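What follows is calculated from the coordinates using simple rules that are stated; it is not laboratory data. What you see is a predicted model; the values in this text were computed from it and never measured. Positions of Cβ are generated from backbone atoms using ideal geometry, with glycine treated the same way; all protein chains shown enter the neighbour counts.
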Amino acid sequence: MEAATTVRRECRKCGTDAGPALVCPRCQTVQPLAPGADLFAVLGLPRGLALDAAGLERRYLAASRAVHPDRHQTASEVDRELSLAASAAVNRAYRTLRDPIARGRYWLELHGTGLADGGSSVPADVAADVFATQEKLEELRVATDAGERTELRHDVEGLRAGFAARLGGLRDGLVAAYAGREPGLDDLRRRLAEIAYLGTLLGDIDDAIGEGSDGTDRRH
């Protein structure tokens, strides 16, 4: 795991070494974001896929309080603008890093790659399921007989339950991989691609049977 880069930056008001902090430790003045700061650095975290959820929450709450615009509403216009920028960065960092799927995609981004760089083909592990499910959904869309539609809907709902459970397992496996030996970029890309395609399948099924998401994360 890479340590957060230590830099020397003088506070724009009191001259104290504020380092990469969002707020000067001496005068509590909001600082401009450090050049090239990633989302890990915004929350003062070492760069790595494995994160302690409780620690992340504490970092977020402390940073959010320190830079919240309400705390700086009587300050100068520059201070208020910096507060807004810092608050937006803190919120984005928290939203991204708390979710293992979003964190993985951001990790690929940090390393100059993405899901599409692994090719646009459906992962082999889900290819058969994708095509079989799409055929079943098409049958449901065009079916006119009430009995046939009921049977097809039952089949599709069964598929949905299986895919939702499988997606949950993949997400848990991703978290476990982060906590163990950090996955390489190719392995991470493969895992995220499979999650993305299963999430898309769940969305297609929900559209076909007229139901919303059951809370399963389907981002892709």
Within the chain, helix-based [θ] at 222 nm, where runs of 4 or more DSSP H residues each add -39,500 (n - 2.57), nearest 500: -20000 deg cm²/dmol
Neighbour net charge for residue 94 - beta-carbon separation under 9 angstrom, K R +1, D E -1: +3
At 1.306 mPa s and 10 °C, Stokes D of region 64-121 from Kirkwood alpha-carbon radius, µm² per second: 119 µm²/s
Taking N as its residue count, the alpha carbon Rg of region 152-191 over 2.2 N^0.38 Å: 1.56
Kirkwood Rh and Cα Rg combined as Rg over Rh, evaluated for the chain: 1.12
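Need one number: the % of Cα-Cα pairs in region 1-124 sitting beyond the 20 Å mark.
48 percent
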Under 14 Å, Cβ to Cβ, from residue 149 - net charge with Lys/Arg +1 and Asp/Glu -1: -4
Cα convex hull volume per residue for region 116-209 (Å³): 84 Å³
